[in-house]
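The values are calculated or read from the model by the stated rules, or taken from the named source; none is laboratory data. Since we're looking at a predicted model, the values are computed, not measured. Don't worry about glycine lacking a Cβ; one is built from the backbone with ideal geometry, like all the others, and counts go over all protein chains shown. The protein model used for the area step is the full one, side chains on, heavy atoms only, and it has no ligands, DNA or RNA in it. Shrake-Rupley method; radii C 1.70, N 1.55, O 1.52, S 1.80 Å.
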Amino acid sequence: MATLKVGPFQGCARVSSLLVAVSDSGSASTANSLSFRNDFIKLRKLECPRLVVLASRAITSLEDEKPAVGSSQTIINRTLEDSKVSRKDLSILPKPLSATDLQSPNDGSKVRVAYQGLPGAYSEIAALRAYPKCETVPCDDFEAAFKAVELWLVDKAVLPIENSVGGSIHRNYDLLLRHRLHIAGEVQLQVNLCLLGLQGVRKEELKNVLSHPHALDQCEMTLSTLGVMRISIEDTAAAAQMVASGGKRDTGAIASARAADIYGLNILEENVQDNDNNITRFLILAREPVIPGTDKLYKTSIVFTLEEGPGVLFKALAVFALREINLTKIESRPQRQRPLRVVDDSNEGRAKYFDYLFYIDFEASMMEPRAQCAMAHLQEFSRFLRVLGCYPVDKV
Ligand SMILES: O=C(O)C(=O)C[C@]1(C(=O)O)C=C[C@@H](O)C=C1
């Protein structure tokens, strides 16, 4: 029979008891923080016979959790007390800056935005959705867009991160970690794919269709019906440009209406995507983080690695569940610096396990105590944790 023992009270201010779950084999796992008490209670409610709480100190409820000392709210409160400003004098103080005050002009005029692809690519359309009057700067690849921001050649980059049909764009997850940029916003773009051809061509004449591999995947059914050969190109606009400059009547492209206009092609059919809800989510990357507020719905993106051990991912996810924080995305990627963990058991030989990074997006602002507490809690058992950005949620 497994038992839970109470061990010594350890370090962390939020630890109210140290619960130790001892398995039959004698290995112990600890729940040394406030909210894991609730896990244990839940487990007991499920009448898990392997867990018994032997003792615990009086524990305040989760709602009583305070953000880490030094959080913005604590600092603001202390500053007000220190300066002995009475409540009635508050009106004479300057209004604190909010995230919206710090954004550049709303239309994005004077903002230079890098994107991957040629003019007319969906990424450029996303950049213009975020900053309608911005100067868009085409880049050869994603890495060039990251570097353009880092080297102050542009102000922001807008890059695709996931699509509702095709899933995640892994390359950009990896680059987020390799570069020091912040996620300053997101754009959810409804992608309406068009079949383009030379002027006067009918779609039945097409034998080849060029496009970005994601766009080809997104209109698989249309292309199968047409019985055409699919050819992958770096971006949809480059495909349109190649069709225009190639001058072959039997070759078409899947690209945007904007690309048709720029490269002088005819739209043979609009909305050729298989799924009407074809949405690509783009990230806006900047050198500086957004100062989050609580004035609207915010999302926070983080990346972390976990210590090895049974149930660590369960614990990591529990820090959100216990605070009613909704997760909107979870992605795992191999750790490039430390891809394999070799477990050496002299009797059994050597086992090799993959080591992973976890990327999570959750619906909360880092200005909210529950988000700060969740991060402090996650840090207790993660080997590495980075907040990639906290930014307003975009709606299609
Ligand atoms: O090729 C383009 O136009 C892009 O902006 C890239 C991209 C992608 O990477 O998914 C963006 C949106 C569409 O889903 C198709 C392609």
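Details
- Among the protein heavy atoms of the range 133-204, carbon and sulfur supply 50% of the accessible surface, probe 1.4 Å, non-protein parts ignored.
- Rounded accessible area per residue of the range 229-281, 1.4 Å, Å²: 48
- Only protein atoms count toward the accessible area here, which uses a 1.4 Å probe; on the range 216-319, the carbon and sulfur part of that area reaches 52 percent.
- On the basis of the beta-carbon distance and an R0 of 30 Å, N326 and E288 show a calculated FRET efficiency of 0.65.
- For the range 99-221, the solvent-accessible area of protein heavy atoms averages 43 Å² per residue (probe radius 1.4 Å; ligands and nucleic acids excluded).
- GluC sites (Glu not before Pro) restricted to DSSP loop in the range 153-234 with at most 16 other C-beta within 10 Å: E234
- A crude spin-label estimate for the pair K207 and V396, with each label 7 Å from Cα along the Cβ direction, gives 3.7 nm.
- Taking 0.36 nm per residue of separation and subtracting the current Cα-Cα distance, fully stretching the chain between E234 and D250 would add 3.7 nm.
- Listed pairs K248/K395; K133/K329; K110/K395; K156/K395; K133/K248; K133/K395 exceeding 28 Å between Cα atoms: K248/K395; K133/K329; K133/K248
- Estimated at 0.36 nm per residue, the fully extended path between T225 and A144 surpasses their Cα-Cα distance by 25.5 nm.
- For the range 358-371, the Karplus equation 6.51 cos²θ - 1.76 cosθ + 1.60, evaluated at θ = phi - 60°, returns couplings of 10, 10, 10, 10, 10, 8, 5, 8, 5, 7, 7, x, 5, 6 Hz by residue, with Gly and Pro reported as x.
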